[in-house]
Amino acid sequence: MLIIAGSIRVAPEGRDAYLEGCAEVVRQARAAEGCLDFTLSADLLDPGRVNIYERWETAAALDRFRGSGPPDDQSAAILDASVARYLVAGVEAP
């Protein structure tokens, strides 16, 4: 399993519009084969931060979905990013 987690920074006054513009991407990801979870959310304390969390069954599933990356308008809105890819070897229930 893979987890993609971190955050991106966008202009605070544009964050809501950025997230609204991502709604279709979230729908597509959640419907994609191998996607276990996919969410983008507004940070509760930082008005320019968008939190990212994704879980994928395999790297191949992630790569099939990603294709060439986000659309140009979404890419242009990103001021900074701190996102990492984690390979999970096992999961334990709490």
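The values are calculated or read from the model by the stated rules, or taken from the named source; none is laboratory data. Here the structure is a predicted model, which means the values were calculated and not measured. Using ideal geometry, Cβ is built from the backbone for each residue, glycine included, and neighbour counts are taken over all protein chains shown.
Among the residues of the range 43-77, those identified as small (Gly, Ala, Ser) and exposed (fewer than 15 other Cβ atoms within 10 Å of the Cβ) are Ala59, Ala60, Gly67, Ser68, Gly69, Ser75, Ala76. For beta carbons closer than 8 Å, sequence separation of 6+ or different chains, a first residue in the range 9-28 that is farther than 8 Å from Gly48 by Cα and a second that is exposed (fewer than 15 other Cβ atoms within 10 Å of the Cβ) and among the acidic types (Asp, Glu), the qualifying pairs are Gly21/Asp73. Of all residues in the range 44-67, those satisfying the criterion of being part of a loop (DSSP other than H, G, I, E, B), closer than 19 Å to Leu2 by Cα and either without any contact (Cβ under 8 Å) to a residue 24 or more places away in the chain or of a type in the set (Asp, Glu) (or both) are Glu57, Gly67. The criterion of being part of a helix (DSSP H, G or I), free of Cβ contacts under 8 Å to residues at least 24 places away in the same chain and under 13 Å from the mean Cα position of the chain (by Cα) does not hold for Ser41. With the condition kept exactly as written, say whether any residue in the range 4-17 is at pLDDT 95 or above, in contact with a strand residue (DSSP E or B) (Cβ under 8 Å, 6 or more places away or on another chain) and on the phi > 0 side of the Ramachandran plot. Within the range 4-17, one or more residues are at pLDDT 95 or above, in contact with a strand residue (DSSP E or B) (Cβ under 8 Å, 6 or more places away or on another chain) and on the phi > 0 side of the Ramachandran plot.
Under the condition of being under 14 Å from Ser41 (Cβ atoms) and touching a Phe, Trp or Tyr at 6+ places or on another chain (Cβ under 6 Å), which residue from the range 1-25 is surrounded by the fewest Cβ atoms within 10 Å (Cβ to Cβ)? Filtering the range 1-25 for residues that are under 14 Å from Ser41 (Cβ atoms) and touching a Phe, Trp or Tyr at 6+ places or on another chain (Cβ under 6 Å), the one surrounded by the fewest Cβ atoms within 10 Å (Cβ to Cβ) comes out as Ala5.
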